[in-house]
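Here's the structure, in structure tokens; my notes come after.
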Amino acid sequence: MRVLQGAAIGGEMPGAWVFVAEHVPQKHYGLAVGTLTAGITGGILLGSLIAVGINSWYSTSEINAYAWRIPFILGGVFGMVSVYLRRFLEETPIFKELAERKKIGRELPLKTILREHRPAIVLVALMTWVLSTAIVVVILFTPAYLQKVFQIPAALSLQANVAATLMLTIGCLLTGWATDRFGTKAVMIVGWGGMTVTAYLFYLGLPGTPTSLIAMYALVGFFVGSISLLPIVGVRAFPPAVRFSGLSFSYNMAYAVFGGLTPVLISVGQQYDHLFPAHYVGAMGLLGVALAFWPLSYKGWQVRDGAKS
């Protein structure tokens, strides 16, 4: 069931990014995609809040007996709501225009992508590596790391994680807004560079005080919000006719590889250096900065054919 859930999430996210990007006015493109990404991370925040609530309201024996089912039941309700809302969706105006002009390719999109858009595939895959590292290490792995390595109480580590996830959600929104105002390259440099710096500040300052722990975790969480750069860049990396297939293939293949390897690398690395999570996140931040200078394969970084870049 977890594998099926992962496959469902992997199929939904690229489609949602493309759907939103092809509907909104271009002057609000970054904000719209950033808002959608914030909605996704808001789901992580909701899960964290529910985890805090379950651990606060129920004893360990009660959680093991029955309370662990509550988050799954709530998730099922949200799933049914999303199925209902999907009934009202239609194709994007860009895709409809392509269909009318008969510009939809007749061969399998994947063949076209692998033959004509390899640089874009590599770009999106590398950005996915940065994204998966930021989420898996900073948001998902760190609470257990705080408890195991620094003996920080579970309640405090979860509270700090909630603060970081809240700031992550805000960071996604502001990152999208900033790309509209200042340009994608500048935001990639500041955002990913900021993640490198704040990751070291956070992990080097552990365990600190409860106040400093929450504040520094929230700060690095804010810069992890730069993950919304992936869909902002990735949607533009492919032309409309193969955009959904190109983004989905690149993102899902890369996440399967890097998202799967990252926990293993972190677990092994921290046995030799307890600061390994900081080194890994910092290296990925520098990779993100370097990708700001990547020569994009689909000229113009535009969403619509003929649109102003």
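Every number in this text was worked out from the coordinates using simple rules, so none of it is lab data. Treat the numbers as computed from the prediction; the structure is a model and nothing was measured. No Cβ is skipped: glycine too gets one built from the backbone with ideal geometry, and neighbour counts run over all protein chains shown.
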Over the chain, one equal point on each Cα, no solvent: what is log10 I(q)/I(0) by the Debye formula at q = 0.14 Å⁻¹? -1.10
In degrees, nearest 10, range 0 to 90: what is the angle between the Cα axis of helix 154-182 and the longest Cα principal axis of the chain? 30 degrees
May I ask for the angle, rounded to the nearest 10°, between helix 184-204 and the longest principal axis of the chain, with both axes built from Cα atoms and the value confined to 0 to 90°? 10 degrees
Distance from the range 149-212 to the range 235-254 (C-alpha centre basis), Å: 28 Å
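Please work out how much length the chain gains when fully extended from LYS111 to LEU287, using 0.36 nm per residue of separation minus the C-alpha to C-alpha distance, in nm with one decimal.
The LYS111-LEU287 span can extend by a further 60.5 nm.
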Burial ordering of SER248, SER157, fewest other beta-carbon atoms within 10 Å first: SER157, SER248
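Among all stretches of the chain without exposed GluC sites (Glu not before Pro) (DSSP loop, at most 16 other Cβ atoms within 10 Å), which one is longest? Intermediate results must be reported in sequence, preceding the final value.
Details: sites that count: GLU90, GLU91, GLU107.
So the longest stretch without any such site is 108-309.
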Starting from the Cα of ILE44, step 7 Å toward the Cβ, then list every residue of the range 191-214 with an amide N under 20 Å from that point. 191-204, 213-214
In whole Å, what three semi-axes, largest first, describe the equivalent ellipsoid of the range 114-265 built from its Cα gyration tensor (square root of 5 times each eigenvalue)? 31, 18, 11
Tell me the angle of helix 118-133 to the major Cα principal axis of the chain, expressed in degrees between 0 and 90 and rounded to the nearest ten. 20 degrees
For the chain, modelled as a GNM with alpha-carbon contacts under 10 angstrom, which of GLY205, GLY76, GLY34 fluctuates the most? GLY76
Multiply the residue gap between GLN147 and TYR58 by 0.36 nm, knock off their C-alpha separation, and tell me the result in nm, one decimal place. 30.1 nm
Evaluate the Kirkwood expression for the hydrodynamic radius of the range 130-218, namely the inverse of the mean inverse distance over all pairs of different C-alpha atoms, and round to one decimal in Å. 13.7 Å
Number of Lys pairs (Cα under 21 Å; 8 or more positions apart or on different chains) in the chain: 12
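What's the longest uninterrupted piece of the chain once you rule out the trypsin sites (Lys or Arg not before Pro) that are loop residues per DSSP with at most 16 other Cβ within 10 Å?
On the way: sites that count: ARG87, ARG101, LYS102, LYS103, ARG106, LYS299, ARG304, LYS308.
Formally, the longest exposed-site-free interval is 107-298.
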So what's the Cα pair-distance distribution over the range 152-199, bin width 5 Å, in %? 5, 19, 20, 22, 15, 9, 6, 3, 1
